[in-house]
Amino acid sequence: MKRPVHRREAMAIPMAVYAALFVGVSLMYIIGLSFLTRGEGFTASPPVSPHNYERIASPIYLRSLLLSLRLAGLTALFCLLIGYPFAYFMAKARPKARTWILLLVIVPFWTNALIRIYGWKILFSASGPINQAILALGLVERPLKLLYTDFAVLVGMVYAMIPFMVLPVYSAAERLDWSVVEAARDLGANPIKAFFTVVVPMTMPGILAGLVLTFIPSIGLFFLSDLLGGSNTMLWGNMVHNELLKSRDLPFAAALSVVLLALTGLVILLYRKRGGSAETMVF
Amino acid sequence: MPVAERQALLSLRDLHKVFDTQEALSGVSLDVYEGEFLTLLGPSGCGKTTTLRIIAGLEMPSRGVVLLNGEDITSLPPEKRQVNTVFQNYALFPHMNVEKNIAYGLRMRGASRQEMKEATEKMLQLVQLEGYGKRQPSQLSGGQRQRVAIARSLVLSPRILLLDEPLGALDLQLRRQMQQELKRMQQSLGITFIYITHDQEEALGMSDRIALMRDGRFVQVGSPEALYEKPETAFAASFIGETNLLHGRAAAVRDDGVLMDVGGITLPADSDLWISLGDPLCLSIRAERLYMSAAPVKEPCQVSGILTESRYAGGERVCVIRLPDGQVLKSRHPTEGEVPCVVGDKVCLWWHQASAVIVRDDLEAAS
């Protein structure tokens, strides 16, 4: 059985080359870049020093980092609170209904994200449907400021990220052995207790995967806060974006990216440490 | 039997269950008594599991009532019933170790840590798994998982323990051993067991009573002896043990039985059934209750035919005899001191009148 194994390994070579070239080399390039100094125009040049990182360790950037982490955390949390029940009931639905519900999740996913965010802009605007509705109901006297707030950014993020929670939780819930839940009921657990003592722990791999998959991209998203957020909603992604395209400080933007990357790596490391079997891991 | 005088612990009254358009149960009624080992026996798809799930509260009957101790529990959720289930696939909690699995029911009842610890230890001892408390279910063999599942249910001292083909996944040797252990546990604890199996041998060996099911109905309910010796229908006779079904017509009807005409041979038979002259009859004779001789004997119950097969199987010999009208009988004879007959010989098969039973022919209806 030696030959097939060799062949299988050989088939991984293109992937390895691709990864080395487009991930490894560019990563090295960015890390190297982050230690350089801004040059004339859109360039970077020596001296080599960690001064970009020293600059990041200032209150403005730390504030942005905390804001980003908080928003990403909230996004992951709300994705869980909304996405879990959704995925759970989807897994419990009849197979035919399941397909349709799954389409409800996936179809918006195929639509351009920018277009969908513009949809939220219209919904949230002072004269938009939400304000019109609450004005008509007499709940408020003047239109609420919804757009360009942290709230709007959070809604947009949860909206954009929710499929990444629904899909892993669904796949965990779908594989769930329901007879184990029945056993819990049989042994005296009411539906709520059975849910928290059996269903939640058994779908934990899906929950963790969903949290990681929603949290990590949320730290780096920038166009959402650009379009829906106020001028002081400066998330980490916005920082990178601004330094790169507005200030045109290539090395500093690289340093910001490296910090983001390190953060992401840390989260994945934590996730891997939490354990779970190899087949339920997403990374 | 004193059984009939006791009050039923569990009563099923005319249970019906319809799934979509399929009727899984069509009128199931049964009384189960305290301390009894009752087996629901039947081919797969006969409604055994549905009946069990209705008793457990995991399924609602479309019609009918379930009474526990005279109290209507039909719409009571499973967690409020003093009935526990050992599931076919064990359904252990994969994220809890053996100890936590066993203590789960007590934890749901709000038992103290000390109580749980003591009860768990006692249970581990009962199912002979001392020292396995910290193992994960995935580290156990099938038989060990089975024991944990039993312990997990028994720790709650249920009024009734429901077991859904608990030994189905075990190999034969382990199966035999667990059969004895289960029976021993049931007797020492005095808990009522309702046991599902499709294995007639298992049912005969373990049960106080067997309820034979088919197509969502009970065919016959009674002791293993009653089902084996006095089957009421051809299905019951052929599902439990090995039997020969001789088809014929009623040639004469007498007070204590009938004279049956089987292809020109007249055979006397006992029967409690209401039979009219000319009715089609079906006579059940167990393979091991047939005697064979080379020459005709002075017995009223005998047929002759050609020996077409003779197979030595250690303690017994299995023979196949073809009657002149084409019907085939299978017989089993002890090999000790046997009189050898050669295949192709004309032989005579005879039996005691009391060992043959006239049964209702319900086999045609099924197919």
Have a look at B:Asp215, B:Asp164 and point out the one that is among the acidic types (Asp, Glu), touching a residue at least 12 places away in the same chain (Cβ under 8 Å) and under 16 Å from B:Leu38 (Cα atoms).
-> B:Asp164
Determine which single condition A:Met234 fails, assuming it passes every other condition in (1) away from chain B (no Cβ under 13 Å); (2) assigned to a helix (DSSP H, G or I).
-> (2)
If you scan the stretch A:74-106, which residues turn out to be among the small types (Gly, Ala, Ser), in a helix (DSSP H, G or I) and out of contact with any Pro (no Cβ under 9 Å at 6 or more places or on another chain)?
-> A:Ala76, A:Ala91, A:Ala97
Would you pick out the residues in the stretch A:145-203 that are at pLDDT 95 or above and of a type in the set (D, E, K, R)?
-> A:Glu182, A:Arg185, A:Asp186, A:Lys193
Failed condition for B:Asp272, given (1) outside any loop (DSSP other than H, G, I, E, B); (2) closer than 17 Å to B:Ala237 by Cα = (1)
Only one of A:Arg63, A:Arg7 that is charged (D, E, K, R) and more than 30 Å from A:Asp150 (Cβ to Cβ) | A:Arg7
Restrict the check to the stretch A:172-181 and report whether at least one residue is surrounded by 16 or more Cβ atoms within 10 Å (Cβ to Cβ) and away from chain B (no Cβ under 14 Å).
-> yes
Top-ranked residue of the stretch A:53-101 - restricted to ones that are of a type in the set (Phe, Trp, Tyr) and closer than 29 Å to A:Ile31 by Cα, ranked as most open to solvent (accessible area, probe 1.4 Å) = A:Tyr53
In the list B:Thr51, B:Thr74, B:Thr21, which residue meets the criterion of being crowded, with 23+ Cβ neighbours inside 10 Å and out of contact with any helix residue (DSSP H, G or I) (no Cβ under 8 Å at 6 or more places or on another chain)?
-> B:Thr51
Can you work out which of the residues in the stretch B:108-133 that are under 30 Å from B:Thr50 (Cβ atoms) and over 32 Å from the mean Cα position of the chain (by Cα) is nearest to the other protein chains (Cβ to nearest Cβ)?
-> B:Met108
For the stretch B:86-106, what are the residues that are touching a strand residue (DSSP E or B) at 6+ places or on another chain (Cβ under 7 Å) and either of a type in the set (Phe, Trp, Tyr) or open to solvent by 10 Å² or more (accessible area, probe 1.4 Å) (or both)?
-> B:Phe87, B:Gln88
Which of the residues that make up the stretch A:31-52 are open to solvent by 70 Å² or more (accessible area, probe 1.4 Å) and within 23 Å of A:Leu221 (Cβ to Cβ)?
-> none
Out of the stretch A:109-127, which residues are at pLDDT 85 or above and among the hydrophobic types (A, V, I, L, M, F, W, C)?
-> A:Ile115, A:Ile117, A:Trp120, A:Ile122, A:Leu123, A:Phe124, A:Ala126
Could we say that A:Leu80 is modelled with pLDDT of 85 or more and in contact with a strand residue (DSSP E or B) (Cβ under 6 Å, 6 or more places away or on another chain) here?
-> no
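For residues that are without any contact (Cβ under 8 Å) to a residue 12 or more places away in the chain and either among the charged types (D, E, K, R) or crowded, with 17+ Cβ neighbours inside 10 Å (or both), tally how many sit in the stretch B:123-144.
The qualifying residues number 1.
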Give B:Thr233, B:Thr266, B:Thr197 a once-over and let me know the one that is buried (at least 22 other Cβ atoms within 10 Å of the Cβ) and among the polar types (S, T, N, Q).
-> B:Thr197
Any idea how many residues of the stretch B:81-122 are in contact with a Pro (Cβ under 7 Å, 6 or more places away or on another chain) and without any contact (Cβ under 8 Å) to a residue 40 or more places away in the chain?
-> 1
For A:Phe109: the one exception among (1) part of a helix (DSSP H, G or I); (2) more than 14 Å from chain B (Cβ to nearest Cβ); (3) over 30 Å from A:Gly220 (Cα atoms); (4) open to solvent by 50 Å² or more (accessible area, probe 1.4 Å) = (3)
Residue satisfying condition, being in contact with an Asp or Glu (Cβ under 6 Å, 6 or more places away or on another chain) and over 30 Å from B:Phe87 (Cα atoms), within set A:Ala253, A:Ala160, A:Ala262, A:Ala209 = A:Ala253
Output for the stretch B:42-61, where each listed residue is assigned to a loop (DSSP other than H, G, I, E, B) and either within 11 Å of chain A (Cβ to nearest Cβ) or in contact (Cβ under 8 Å) with a residue 12 or more places away in the chain (or both) = B:Gly42, B:Pro43, B:Ser44, B:Cys46, B:Gly47, B:Gly57, B:Leu58, B:Glu59, B:Met60, B:Pro61
Filter the stretch B:96-120 for residues that are part of a helix (DSSP H, G or I), over 14 Å from A:Ala183 (Cβ atoms) and among the polar types (S, T, N, Q) and give the result.
-> B:Gln114, B:Thr120
Does B:Ala203 fit the bill of being closer than 24 Å to B:Gln353 by Cβ and crowded, with 20+ Cβ neighbours inside 10 Å?
-> no
Across the stretch B:78-93, what is the total count of residues that are within 7 Å of chain A (Cβ to nearest Cβ) and either over 21 Å from the mean Cα position of the chain (by Cα) or assigned to a loop (DSSP other than H, G, I, E, B) (or both)?
-> 6
Just a yes or no: is a residue in the stretch A:237-256 modelled with pLDDT of 85 or more, open to solvent by less than 50 Å² (accessible area, probe 1.4 Å), under 26 Å from B:His95 (Cα atoms) and among the β-branched types (Val, Ile, Thr)?
-> no
If we keep just the residues of the stretch B:138-163 that are away from chain A (no Cβ under 12 Å) and part of a helix (DSSP H, G or I), which is farthest from B:Tyr195 (Cα to Cα)?
-> B:Gln139
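Could you count how many residues in the stretch A:183-230 are free of Cβ contacts under 8 Å to residues at least 24 places away in the same chain and more than 13 Å from chain B (Cβ to nearest Cβ)?
2
The values are calculated or read from the model by the stated rules, or taken from the named source; none is laboratory data. As the structure is a computational prediction, the values presented were derived from the model and not from experiment. We place every Cβ from the backbone using ideal geometry, glycine too, and count neighbours over all the protein chains shown. Only protein heavy atoms, including side chains, enter the accessible area calculation; ligands, DNA and RNA are left aside. Shrake-Rupley method; radii C 1.70, N 1.55, O 1.52, S 1.80 Å.
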